[in-house]
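Structure first, commentary second.
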Amino acid sequence: MTQTAHPDTVLIVDFGSQVTQLIARRVRETGVYCEIVPFQSGEEGFRQLKPKAVILSGSPASTLDIGSPRAASVIFDSGLPVFGICYGQQTMCAQLGGKVESGHHREFGRAFLEVEKDCPLFEGLWSVGSRHQVWMSHGDRVTAIPEGFEVVATSANAPFAFIADEKRKYYAVQFHPEVVHTPDGAKLIANFVHKIAGIKGDWSMSAYRAKAVEAIRNQVGDKKVICALSGGVDSSVAALLIHEAVGDQLTCILVDHGLMRKDEAKNVVAMFEEHYNLHLLHVDASDRFIGELEGVSDPETKRKIIGRLFIEVFEEEAKKLGGADFLAQGTLYPDVIESVSFTGGPSVTIKSHHNVGGLPERMNMQLVEPLRELFKDEVRVLGRELGLPDSFIGRHPFPGPGLAIRCPGGISREKLEILREADAIYLDEIRKAGLYDAIWQAFAVLLPVQTVGVMGDGRTYEFVCALRAVTSVDGMTADFYHYDMEFLGRAATRIINEVRGINRVVYDVTSKPPGTIEWE
């Protein structure tokens, strides 16, 4: 949970919905700080965060199952405003004296609400008798509401689609206001946090920056910090923020693992040496990393090897510097969330190359993660606040394991060089076409497949290169970018002509639900 104090916080209790993070995004878009905690830690999170309001998320679970998730009783005993969404509505009703049943008509997808009664959440938005699109995703449904509640809106298959207890400031909906398919959903959430909870929308990056700097100083004191600077936006913003807090106590280490994009290490070192007064060490450990990775095909094994070697390199460099008490890295809020199981199962391994949650016991260092409360787009705002140029802030995300996970199957130096050249040509064509800023992330993938081709008068047997480009806002969900065929033809032709080892290029049109948008 948070490392800094936020006096006006919304607590989001997660019951395992795949779109819980979208609730957090909608709340933060209103200028209000929020945090997500798993339902198992609901009471602990409530007491630690001291929120001004609570939102209960959806879930794949059923309230009718024995041992299904429940909201901590302290939430309903607190007198605070509560907003239940989908499963959040169902558990609210089940816990407060209502009734939930299965076996009724399921609803998945678009539905339409009929507003039956006025409600403060509708202020400036909906009126009695109006009809509005929402997005449903439920099997069970409420069949009896608790005492004090009344129906304010219905849908064809959900007679209790929107209910409210105005006296206790409890509101509950069967649909999902956090998704874009509920066009007015963000405004409903904004009305809840502003008009019902009375929270001002004054959470800003400027305020976050000041509090983060203070928190870093309190954590670090007069000790030394080494920062894992990858050259990406996240680690760069973290480095600048920590440098603002503790100055020369910080040493940044750029570990060149041989898995970076073309000229990446050289360009990053040049930028920081020319524009920022940071102590930066460039460590070329490419032979070490590639030597251990060569021939390894399992993506999770690759990630773990890379994570272990990073730690070993930092330990060695820290010793050369006379020791360090803290290791800083650019962990983001999605990294934290995705590295914790919120539904009782084993920990998720999406971000297993990160040291989220701690370092190996043998390391006599503590983690400093000043961005762990932020989403990707918020980090970019903070980067501008710190003075990073737009050309750098707008760079496409690059994963910690680098080209290792963009080279499925066994890794070799030859394959990495082929991929690096293809990727550079692809990004060059994107920039020339003026598309770079319209795309969240674009990269090439060298598939573990070789095909027969005819080039000129000869037959070739070379690799297939896949191109990927996605649009996103916060990196949590993504859709493929809709290129025109002229662009794809031009990029593919250059790659085939200029990169020896590739004779075929394909475009990946896969969309991604919440989770990693990388290729593995």
Just checking, does the stretch 243-261 include any residue being open to solvent by 20 Å² or more (accessible area, probe 1.4 Å), under 15 Å from A404 (Cα atoms), basic (K, R) and not in a helix (DSSP H, G or I)? yes
Among the residues of the stretch 163-184 satisfying the criterion of being within 19 Å of M92 (Cβ to Cβ) and among the charged types (D, E, K, R), which is surrounded by the fewest Cβ atoms within 10 Å (Cβ to Cβ)? K167
For the subset of the stretch 192-219 comprising residues that are of a type in the set (G, A, S) and free of Cβ contacts under 8 Å to residues at least 60 places away in the same chain, which member is most open to solvent (accessible area, probe 1.4 Å)? A210
Output the residues belonging to the stretch 202-251 that are within 16 Å of G387 (Cβ to Cβ) and among the hydrophobic types (A, V, I, L, M, F, W, C). M205, A210, A212, V213, V233, V237, A238, A239, L240, L241, I242, A245
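Per-residue answers, yes or no, for (1) at pLDDT 85 or above; (2) touching a Ser or Thr at 6+ places or on another chain (Cβ under 6 Å); (3) within 23 Å of F443 (Cβ to Cβ):
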{"site": "D263", "(1), (2), (3)": "yes, no, yes"}
{"site": "F272", "(1), (2), (3)": "no, no, no"}
{"site": "H279", "(1), (2), (3)": "yes, yes, no"}
{"site": "V283", "(1), (2), (3)": "yes, no, no"}
{"site": "R303", "(1), (2), (3)": "yes, yes, yes"}
{"site": "L309", "(1), (2), (3)": "yes, no, yes"}
{"site": "D335", "(1), (2), (3)": "no, no, yes"}
{"site": "G344", "(1), (2), (3)": "no, no, no"}
{"site": "T349", "(1), (2), (3)": "no, no, yes"}
Being touching a residue at least 60 places away in the same chain (Cβ under 8 Å), in a loop (DSSP other than H, G, I, E, B) and not aliphatic (A, V, I, L, M) is the filter here, so list the residues in the stretch 264-298 that pass it. G295, S297
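Residue by residue, here is whether (1) at pLDDT below 90; (2) at negative phi holds:
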{"position": "G456", "(1), (2)": "yes, no"}
{"position": "D479", "(1), (2)": "yes, yes"}
{"position": "R494", "(1), (2)": "no, yes"}
{"position": "E498", "(1), (2)": "no, yes"}
{"position": "I502", "(1), (2)": "no, yes"}
{"position": "V505", "(1), (2)": "no, yes"}
{"position": "D508", "(1), (2)": "no, yes"}
{"position": "P513", "(1), (2)": "yes, yes"}
{"position": "W519", "(1), (2)": "yes, yes"}
Take the stretch 373-392 and flag every residue that is charged (D, E, K, R) and open to solvent by less than 40 Å² (accessible area, probe 1.4 Å). E373, K376, D377, E378, R380
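For (1) of a type in the set (G, A, S); (2) within 29 Å of the chain's Cα centre (by Cα), each residue gets a yes or a no:
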residue: I418; (1), (2): no, no
residue: D437; (1), (2): no, yes
residue: A442; (1), (2): yes, yes
residue: Q450; (1), (2): no, no
Can you say whether T331 is open to solvent by 50 Å² or more (accessible area, probe 1.4 Å) and within 30 Å of V37 (Cα to Cα), as far as the supplied structure shows? no
Take the stretch 79-132 and flag every residue that is assigned to a strand (DSSP E or B), at pLDDT below 90 and of a type in the set (G, A, S). G109, A111
Please verify whether the stretch 150-160 includes one or more residues that are among the aromatic types (F, W, Y), over 12 Å from G98 (Cβ atoms) and either within 30 Å of the chain's Cα centre (by Cα) or modelled with pLDDT under 95 (or both). no
How many of the residues in the stretch 138-162 are open to solvent by less than 40 Å² (accessible area, probe 1.4 Å) and either outside any strand (DSSP E or B) or among the polar types (S, T, N, Q) (or both)? 6
Of the residues in the stretch 114-137, those that are surrounded by 13 or more Cβ atoms within 10 Å (Cβ to Cβ) and in contact (Cβ under 8 Å) with a residue 60 or more places away in the chain come to P120, L121, F122, E123, L125, S137
For I66, state whether it is among the β-branched types (V, I, T) and open to solvent by 50 Å² or more (accessible area, probe 1.4 Å). yes
Criterion first (touching a residue at least 40 places away in the same chain (Cβ under 8 Å), under 30 Å from D335 (Cα atoms) and loosely packed, with under 15 Cβ neighbours inside 10 Å) does A438 satisfy it? yes
Filter the stretch 394-414 down to residues that are assigned to a helix (DSSP H, G or I) and touching a Leu at 6+ places or on another chain (Cβ under 6 Å), then give me how many there are. 3
Does V100 qualify as being over 22 Å from V193 (Cα atoms), of a type in the set (V, I, T), surrounded by 14 or more Cβ atoms within 10 Å (Cβ to Cβ) and touching a helix residue (DSSP H, G or I) at 6+ places or on another chain (Cβ under 9 Å)? yes
All but one of (1) modelled with pLDDT under 90; (2) under 28 Å from I430 (Cα atoms); (3) buried (at least 18 other Cβ atoms within 10 Å of the Cβ) hold for I418; state the number of the condition that does not hold. (1)
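The values are calculated or read from the model by the stated rules, or taken from the named source; none is laboratory data. What you are looking at is a predicted structure, and each value in this text was computed from that prediction instead of being measured. Please note: Cβ atoms are built from the backbone with ideal geometry, for glycine as well, and neighbour counts cover all protein chains shown. Side chains are part of the model used for accessible areas, which takes the heavy atoms of the whole protein and leaves out ligands, DNA and RNA. Shrake-Rupley method; radii C 1.70, N 1.55, O 1.52, S 1.80 Å.
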